[in-house]
Amino acid sequence: MKDYNLIIGSHVSMNKQQDYLLGALTESLNNDANAMMIYTGPPQNTIRVSTEHFFISEFYQKLAEENFSIDNVIIHAPYIINLANTTNPSTFEIAVEFLKKEIIRADEIGIKTIVLHPGSAIGAPEQVGLDQIIKGLNLVLTADQKVKIALETMAGKGTELGTNFAQLKYIIDNVKLKDKIGVCWDTCHMHDAGYQFETNLEAIIEEFDQLIGLDRLLCLHINDSKNPLSAHKDRHENIGYGYLGFETILKIIYHPKLNGMIKILETPYVGAKGHAFAPYKTEIAMIKLKEFTDPFHVNGKIKIDVGE
């Protein structure tokens, strides 16, 4: 497909030791990527450094030099944000206030998309949790914000919500500022939630388009899965080493209706602990070549699970 616009990158680190945004961009360029995803700080807490320290002007200069579009840079909201929580009011309030701050930070940088896990109901009924997410988003979103929130498809682990298109549609339909909301597909999560890409890719795309609209699909997380269909486990695997497989993942990446959409790898580091390395340059190369080369070995010689 000669005219296919492949926008591919990975999650990359952003920290003081690597000059924040400059280091993240350098890492992406070294991976031969033209997209990237970052956290604005540690995903497990609310500690954040002012964006004034992020080398924003230098970052934009390098973006221009490398012909790397700011539209292809994504923020992932931290996992501690849970807008679905109704059992602990303080947790919900913290989630709302922190997401407001993340939106401000994204606008200060000029990033267009924040990926957000919709949340977990924590023992409450599904409907209660969905309504709480809507309540939270209505408290957070403002008409003048530039960034959009992409609700991520989830695997259904525990009481996770956003595990199917119907739930996501319900949230979007009931949010007041619908133009500020979209969706992020995660291929591992969707597989673990029961979406069978191997045989039903066309039907999955059609269902999403009919229920929500492909114009709301803001990005995709491209991951293989360590577990079989409908496992509800959420364990990412390296591309070609899991239950989805390289051929199926390639069909998703290169599907004509997903042309030009941002694809982000979140696959596990490879190697023994203490010597693990990021697989993204190798995986991006395989995706571009459309050839699985078994770079990390299937017999465990190199391929060791060290987590996501």
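Observations, loosely collected:
- In terms of its alpha-carbon gyration tensor, the stretch 1-91 comes out oblate; a/c meets the 1.5 threshold, while b/c is at least as large as a/b.
- Our coupling estimate for the stretch 194-211, obtained by passing each phi through the Karplus curve with A = 6.51, B = -1.76, C = 1.60 and θ = phi - 60°, is x, 7, 8, 4, 4, 10, 10, 4, 4, 5, 5, 5, 5, 4, 5, 5, 5, 7 Hz, Gly and Pro reported as x.
- Counting 0.36 nm for each residue step from E198 to A272 and taking away their Cα separation leaves a gain of 23.5 nm.
- Here the 3J(HN,Hα) profile of the stretch 78-86, calculated from phi with Karplus coefficients 6.51, -1.76 and 1.60 at θ = phi - 60°, is x, 5, 6, 6, 9, 6, 8, 6, 10 Hz, Gly and Pro shown as x.
- Relative to the Cα centre, the charge distribution of the chain, modelled as +1 at Lys and Arg Cβ and -1 at Asp and Glu Cβ, gives a dipole magnitude of about 280 debye.
- Potential extension, K288-D144 segment - 0.36 nm per residue separation minus Cα distance: 48.0 nm
- Cross-link pairs beyond the 21 Å C-alpha cut-off, checked among K180/K251; K101/K146; K178/K251; K226/K251; K101/K148; K146/K281: K180/K251; K178/K251; K146/K281
- Relative contact order for the chain, counting Cα pairs under 8 Å that sit 6 or more residues apart, in percent: 16
- Mean residue ellipticity, 222 nm, helices only, the chain: the sum of -39500 (n - 2.57) across DSSP H runs of n ≥ 4, divided by residue count and rounded to 500, is -11000 deg cm²/dmol.
- Label separation (E65 vs E207): 4.7 nm, computed from points 7 Å beyond Cα along the C-beta direction.
- Selected from E65, E247, E198 as most flexible by GNM, with the chain as the system and alpha-carbon contacts under 10 Å: E65
- Selection from I222, I114, Q167, by position along the positive dipole direction of the chain (Cβ): I114
- The Cα atoms of the stretch 7-267 give a gyration tensor whose axes a ≥ b ≥ c have a/c of 1.5 or more with a/b no greater than b/c, which makes the shape oblate.
- Partner lysines for K273 [C-alpha distance under 16 Å; skip if fewer than 8 residues away on the same chain]: K301, K303
- Mean Cβ count within 10 Å, highest first, over the residues of peptides 124-133, 32-41: 32-41, 124-133
- Take the Cα of N30, go 7 Å toward its beta carbon, and the backbone nitrogen atoms of the stretch 240-270 under 16 Å from that spot belong to 269-270.
- The gain in end-to-end length when the I80 to K178 segment is fully stretched comes to 32.9 nm, 0.36 nm per residue minus the alpha carbon separation.
- Efficiency of FRET between Y4 and E93 - r from beta-carbon atoms, R0 41 angstrom, step 0.05: 0.35
- Furthest towards positive pole of dipole, A33, G158, N88, structure part the chain, Cβ charges: N88
- Summing charges over neighbours of K257, with a neighbour being any other residue whose Cβ is under 15 Å away from its Cβ, gives -3 when K and R count +1 and D and E count -1.
Each value in this text was obtained by applying a stated rule to the coordinates, not by laboratory testing. What you see is a predicted model; the values in this text were computed from it and never measured. Every residue, glycine as well, gets a Cβ built from its backbone with ideal geometry; the counts of neighbours run over all protein chains shown.
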